[in-house]
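Written below as structure tokens is the structure these notes are about.
The values are calculated or read from the model by the stated rules, or taken from the named source; none is laboratory data. Bear in mind that the values here come from a model prediction, so they are computed numbers and not experimental data. Reconstructed Cβ throughout: ideal geometry from the backbone, glycine too, with neighbour counts over all protein chains shown. The protein model used for the area step is the full one, side chains on, heavy atoms only, and it has no ligands, DNA or RNA in it. Shrake-Rupley method; radii C 1.70, N 1.55, O 1.52, S 1.80 Å.
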Amino acid sequence: MKKILLLFAALGSLTLTSCNNDDDYVAVDNDTIAEVFELSNIDFAPDGSGRYTVLYPLEPTIFESDVVLVYRIVNDEGFIVKQPIPRTLYLDGDDEVDYDFNFSSEDILFIMDANFDLADAPAYTQNQSFRVVIVPGYFSSTVDVNDYDAVMAALKNKNGGKEITIETIQ
């Protein structure tokens, strides 16, 4: 009888010692590294094809898998808003102004086009400001990239609640 009790005690202690409370693991995301910067006082120039462009080099270069998000900063009736690019502005009459961009791992090409002569509209080609957000490719599929505030909130969340610093480049 003593041997059976000793056997049950040994089996009981083995089953109870296999349980633990090591569920305090906190995952740290070290690969969602975003870069955010603001370009101000940007002046577009004609490129000879009827469009206006600005080429901005990325130093250092970014990964091929990274995604560049661009927002045009506009003062709209006293409120600073960030409009996602590409963007079409509909003006009086049938006039339209288009802001767009292309990017590679080495640079960003800002592009303006219109259905009228942009030389007559310096308010749209001169002294423009843009917020550029560079994120890993998979991250851009997890958030509404057309909503600047949603992108920044998601980046802050991935950054452990810390604010994302924004460098201003002129």
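Using the Cβ atoms and a cut-off under 10 Å, what net charge is assigned to the surroundings of SER129, where Lys and Arg are +1 and Asp and Glu are -1?
+2
With an 8 Å cut-off on Cα pairs and a minimum separation of 6 or more residues, tell me the relative contact order of region 97-170 in percent.
Once divided by the residue count of region 97-170, the mean separation gives 14 percent.
In region 38-127, carbon and sulfur make up what percent of the accessible area (probe 1.4 Å)?
For region 38-127, the apolar C and S fraction of the accessible surface comes to 48 percent.
Grab every C-alpha pair in region 44-128, bin the distances at 5 angstrom width from 0 up to the longest one, and report whole percents.
3, 13, 22, 23, 19, 12, 6, 2, 0
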